[in-house]
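Contents: one structure, followed by commentary.
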Amino acid sequence: MGFKRLDLDDLVISTDSVSATVWSNNVPSLTDFYTSSLQVASNQGDFYYNVYQTESSDSTAAIQFSIAYCDVEGSGSSFYNSLVTGSSPSRTNYGQYRTLILGDENANFIFGNTTGSYFYALNVERARYKEKLLQGTMTLHLKKGSNELVLTDDSQIQTSTTFTDAGRVYNIVSGSAGNVFTGVNENGWTSGSGAYGMFLPDVGLMLLSGPALDAAVGNGGLNLSTGRQFDNNDNNPEKLFNAISASGADGNGFLLNSEETLASDFVFVRAKNTEFNYSENPSFISGSTGAVLFDDFIDNPTTYITTVGLYNDNNELLAVAKLSRPLLKDFTKELLVRVKLDF
């Protein structure tokens, strides 16, 4: 065994981006959508749905994303207390996302160039991705009757990135896989309701503007007919869920990928021609005299390097790299081993 202190030039830090599918079983596009009958029948189902890739009773069922209805005025769901007008789950949802994204309880959501007083929040289940969603890969198909709408994010046409308290934000527009459709508006918005929402890849979140989805088909909307009655459960999550699942039934689904940045430390271990040519193996040395047993090992030593160990200043072993095969080393050869450490 031999030791050698590493120099600063022997250490290099590198980062790589790795993309992967989001949905369970590594499928690129989710086309089957299911809810839990127990949740739908409960009070929570009036303003919040969990969506699965198979029947919720199936042993392989896993939450893929959730749908929450949010309204600044508290419409679309029953009041917590009939004496407190406007205090309802939909208003609570709105406030939670406003705090998460805008960080100001007096701020308003702006979808494109239009204030959004009610919207649907699609949260991708945190277990579905490691770090963040990959912008430019989203394709969400919606269908109501014969009306269809395809949505993506506009990250591919943005010249600068906008940040919120929840990280990067892009507009959700009419388009597919980052390609913007400009038939209704050159920005891919509706003609009267601005953008279709917000795409926030760093927190796995999409906000879909209610007014944009409710707009008439000629104006780029889906005519989703969001219910906004006060102190009344209008089952708005069900309306968006039906639009998503109806498109899935036609073979069109929800396409989305994730992205992870891997930081790697590269350590270059060098063995010069004069180094590591002798062995401390006891079979080469006489136990009684300490003399080298083989003359060839004195004049023409040969060793085989099989392992590289990384130690700290306290002589504690931190990492071990095993070579794929033993490498011959003598005075006529030099060796360079690259060790990659992923964190």
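Assess whether ASP9 counts as being in a helix (DSSP H, G or I), farther than 23 Å from THR137 by Cα and not polar (S, T, N, Q). Can you show your working first?
Numbers: in a helix (DSSP H, G or I): yes; farther than 23 Å from THR137 by Cα: yes; not polar (S, T, N, Q): yes.
So ASP9 fits the description; yes.
Taking the range 97-123 on its own, how many of its residues are hydroxyl-bearing (Ser, Thr, Tyr), closer than 18 Å to LEU205 by Cβ and surrounded by fewer than 19 Cβ atoms within 10 Å (Cβ to Cβ)?
We begin by selecting, within the range 97-123, every residue hydroxyl-bearing (Ser, Thr, Tyr); these are 97, 99, 114-115, 117-118, 120.
Filter once more, keeping what is closer than 18 Å to LEU205 by Cβ: 97, 99, 118, 120.
Now restrict to residues that are surrounded by fewer than 19 Cβ atoms within 10 Å (Cβ to Cβ): 99.
Of the residues in that region, 1 qualify.
May I ask you to list the residues in the range 264-302 that are open to solvent by 40 Å² or more (accessible area, probe 1.4 Å), part of a strand (DSSP E or B) and in contact (Cβ under 8 Å) with a residue 40 or more places away in the chain?
ASP265, PHE268, ARG270
What residue, among those in the range 303-322 that are open to solvent by 40 Å² or more (accessible area, probe 1.4 Å) and either part of a strand (DSSP E or B) or in contact (Cβ under 8 Å) with a residue 24 or more places away in the chain (or both), is farthest from PHE276 (Cα to Cα)?
Filtering first and then ranking leaves LEU318.
Looking only at the range 212-242, filter to residues that are more than 28 Å from the chain's Cα centre (by Cα) and not in a loop (DSSP other than H, G, I, E, B); which one of those is surrounded by the fewest Cβ atoms within 10 Å (Cβ to Cβ)?
GLY218
Within the range 276-296, can one find any residue that is of a type in the set (D, E, K, R) and touching a Lys or Arg at 6+ places or on another chain (Cβ under 8 Å)? If you could, list the steps in order and put the result at the bottom.
To start, the set of residues in the range 276-296 that are of a type in the set (D, E, K, R) comprises 280, 295-296.
Checking the rest, the ones that are also touching a Lys or Arg at 6+ places or on another chain (Cβ under 8 Å) come to none.
No, the range 276-296 has no match at all.
Being open to solvent by 50 Å² or more (accessible area, probe 1.4 Å), touching a Cys at 6+ places or on another chain (Cβ under 9 Å) and touching a residue at least 12 places away in the same chain (Cβ under 8 Å): is that true of ARG91 here?
Values: open to solvent by 50 Å² or more (accessible area, probe 1.4 Å): yes; touching a Cys at 6+ places or on another chain (Cβ under 9 Å): yes; touching a residue at least 12 places away in the same chain (Cβ under 8 Å): yes.
Spelling it out, ARG91 is indeed open to solvent by 50 Å² or more (accessible area, probe 1.4 Å), touching a Cys at 6+ places or on another chain (Cβ under 9 Å) and touching a residue at least 12 places away in the same chain (Cβ under 8 Å).
If I filter the range 326-342 for residues that are touching a Pro at 6+ places or on another chain (Cβ under 9 Å), farther than 30 Å from LEU8 by Cβ and surrounded by 11 or more Cβ atoms within 10 Å (Cβ to Cβ), do I get at least one hit?
Among the residues of the range 326-342, not one is touching a Pro at 6+ places or on another chain (Cβ under 9 Å), farther than 30 Å from LEU8 by Cβ and surrounded by 11 or more Cβ atoms within 10 Å (Cβ to Cβ), which makes the answer no.
Could you please find all residues in the range 103-140 being assigned to a strand (DSSP E or B) and among the basic types (Lys, Arg)?
LYS132
Take ALA68 and decide whether it is assigned to a strand (DSSP E or B), closer than 23 Å to GLN229 by Cβ, touching a Cys at 6+ places or on another chain (Cβ under 7 Å) and among the small types (Gly, Ala, Ser). Don't jump to the end; show me each part of the working.
On the way: assigned to a strand (DSSP E or B): yes; closer than 23 Å to GLN229 by Cβ: yes; touching a Cys at 6+ places or on another chain (Cβ under 7 Å): no; among the small types (Gly, Ala, Ser): yes.
No.
So which residues in the range 45-81 are open to solvent by 20 Å² or more (accessible area, probe 1.4 Å) and touching a residue at least 24 places away in the same chain (Cβ under 8 Å), if there are any at all?
Residues satisfying the conditions are ASP46, PHE47, TYR48, GLN53, THR60, ALA61, ALA62, ILE63, VAL72, GLU73, SER78, PHE79.
Residues checked against (1) within 24 Å of ILE244 (Cβ to Cβ); (2) in a helix (DSSP H, G or I):
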{"position": "ASP32", "(1), (2)": "yes, no"}
{"position": "LEU38", "(1), (2)": "yes, yes"}
{"position": "GLN64", "(1), (2)": "yes, no"}
{"position": "PHE79", "(1), (2)": "no, no"}
{"position": "TYR94", "(1), (2)": "yes, yes"}
{"position": "ILE101", "(1), (2)": "yes, yes"}
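The values are calculated or read from the model by the stated rules, or taken from the named source; none is laboratory data. Note that this is a predicted model, so its numbers are computed, not measured. No Cβ is skipped: glycine too gets one built from the backbone with ideal geometry, and neighbour counts run over all protein chains shown. Accessible surface is based on the protein model in full, side chains and every heavy atom, while ligands, DNA and RNA are left aside. Shrake-Rupley method; radii C 1.70, N 1.55, O 1.52, S 1.80 Å.
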